[in-house]
Amino acid sequence: MLKLAMVPSRSKTTALTTISSHFCHCGFEAFNHVLKEIYFLVKAFVCRTKFFQEETKAISFRTCSESRRTMEIIRTERLVLRGFEEADWKAVHDYGSDPEVVRYMDWGPNTEEETKKFIQRAIASQKEQPRKTYTLAIVLKPKNKLIGGCGIYVSNPENREGWIGYCLNRNFWRQGYATETAKGLLKFGFERLNLHRIFATCDPANTASARVLEKTGMQREGHFRGHRWVKGKWRDSLLYAILDYEWKRLASTNIK
């Protein structure tokens with residue numbers, strides 16, 4: 001029995017020469033048998049190719065689905081950090097329009113129009129490719145209640161650096177939610193975004209925020225004097241940061 005190897009680079013002329021030679025020596029019956037072998041070999045090849053393509057497509061789909069679930073939604077013990085939706089604007093406006101909540105922020109108090117525009121920008125950033133902006137809603141698990149906003153932003157991709165921020169409705173202050181949020185963002189940044197360094201800033205007068213950053217394991221690296229013009233006056237900032245290997249060390253002890 002003649003065995004033919006499927007060589008992708010074999011030309012039509014070479015194939016015909018081989019088949020013709022075999023036909024001359026073996027007669028019509030053998031030639032017919034060769035054609036059947038070629039048919040089944042080609043059929044098997046096409047089936048394997050189709051199977052491989054379908055498998056690749058399925059794997060890609062599952063990977064995208066898994067990425068959407070794990071990279072855009074962060075779950076902590078009591079919270080879900082997820083992408084903003086249009087229906088969130090009223091809950092966001094509750095804290096975004098509160099002068100006490102935005103006292104140390106660069107923005108606010110917001111008008112309704114400003115809050116709606118913020119939501120639109122946050123939703124638009126979800127389509128960014130590659131994604132560098134993760135502006136997320138802080139949602140309390142048991143009641144599915146939006147209690148604040150937060151984010152992690154890849155500011156320097158080449159050096160794998162990013163920063164975090166958070167803001168909570170004051171009805172939920174002093175309950176550990178800010179610290180839980182910050183830890184969730186750091187875990188996401190180091191384990192999912194593969195960042196090397198994550199930093200955050202806060203006003204020196206905002207001692208509650210400084211304590212939150214310290215509880216996450218971030219270290220104070222500096223004090224910027226009068227470097228921002230905010231709401232009609234120059235403002236100072238404290239700089240906190242943590243590196244990936246520091247996070248890994250702390251994550252195995254008291255930071256989880």
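Read-outs throughout are calculated quantities, based only on the coordinates presented, and are distinct from any laboratory measurement. Values in this document were obtained by computation on a predicted structure and should not be read as measured data. Note that we place each Cβ from the backbone using ideal geometry, even for glycine, and neighbour counts take in every protein chain shown.
Side notes on the structure shown:
- Pairs beyond 29 Å (Cα-Cα), from K143/K248; K90/K215; K143/K183; K187/K231; K143/K231: K143/K248; K90/K215; K187/K231; K143/K231
- Rg to Rh quotient for region 76-128, alpha carbon positions, Kirkwood Rh: 1.01
- For region 78-251, a Kirkwood hydrodynamic radius built from all Cα pairs, placed in the Stokes-Einstein relation at 37 °C and 0.692 mPa s, yields a translational diffusion coefficient of 197 µm²/s.
- Hz values of 3J(HN,Hα) by residue in region 221-236 - Karplus curve (6.51, -1.76, 1.60), Gly and Pro given as x: 10, x, 10, 8, 9, x, 9, 9, 9, 10, 6, x, 8, 6, 10, 8
- Prolate/oblate/rounded label for region 173-217 (Cα gyration tensor, a/c 1.5): oblate
- Around A208: net Lys/Arg minus Asp/Glu count, Cβ-Cβ under 13 Å: +2
- With viscosity 1.306 mPa s and temperature 10 °C, the Kirkwood radius over alpha carbon pairs of region 113-186 converts through Stokes-Einstein to a diffusion coefficient of 118 µm²/s.
- Spin-label model distance (nm) - E85 vs K141, 7 Å beyond Cα toward Cβ: 1.9
- Taking amide H as placed 1.01 Å from N in the peptide plane, T76 has its amide H under 5 Å from the amide H of L81, each at least 5 places away in sequence or on another chain.
- Contour minus Cα-Cα distance for H223 and H196 (0.36 nm per residue): 7.5 nm
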